[in-house]
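Below is one structure, written out as structure tokens; comments come after it.
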Amino acid sequence: MVAAVVTAAVVVIILAVCKPRAGVGARHGAGLPQGPPPQIGYTMNGQPIYQQPVPAQTNVLAILALVLGLFTGILGIVFGHIARSQIRSTGEGGAGLALAGLVIGYVWVGLFLLRVVL
């Protein structure tokens, strides 16, 4: 009983802290083929200066989905679905981590149900 309350409190705190940032993916054209970086000016010699590409950040909930999926199946499933939703809307990285957390979590739940039935 106490473990369930502590786990629920941790999940609520993590979800409150890890809200998706609006517009991250749209700003960098996530999922679209990338062309040359935009030119932002010229040097004193007349050479063009280009903007450096910004790498996509990994979604925190995707990492948590993988880690929690290894130890507790239910939390891996919950965090995996939330992470995949955030990744689709923001364009962050970590889709593979979230999917791995989901798969491992579902395997744990399936093994648990199999053990209960048999």
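Based on Cα contacts under 8 Å between residues 6+ apart, region 68-118 shows a relative contact order of 46 percent. For Gly93, the amide hydrogen comes within under 5 Å of the amide hydrogens of Gln57, Thr58, Asn59, counting only partners 5 or more places away or on other chains and with H modelled in the peptide plane. Plainly put, region 33-118 has a radius of gyration that is 1.36 times its Kirkwood radius, both from alpha-carbon atoms, as the Rg/Rh ratio. For the pair Ile40 and Ala95, a Förster radius of 25 Å applied to the C-beta separation gives a FRET efficiency near 0.25, rounded to the nearest 0.05.
Read-outs: derived from the displayed coordinates by stated rules, not from any lab. This structure is a prediction, so every number in the text was calculated from the model and none was measured. Cβ: placed from backbone, ideal geometry, glycine included. Neighbour counts: every protein chain shown.
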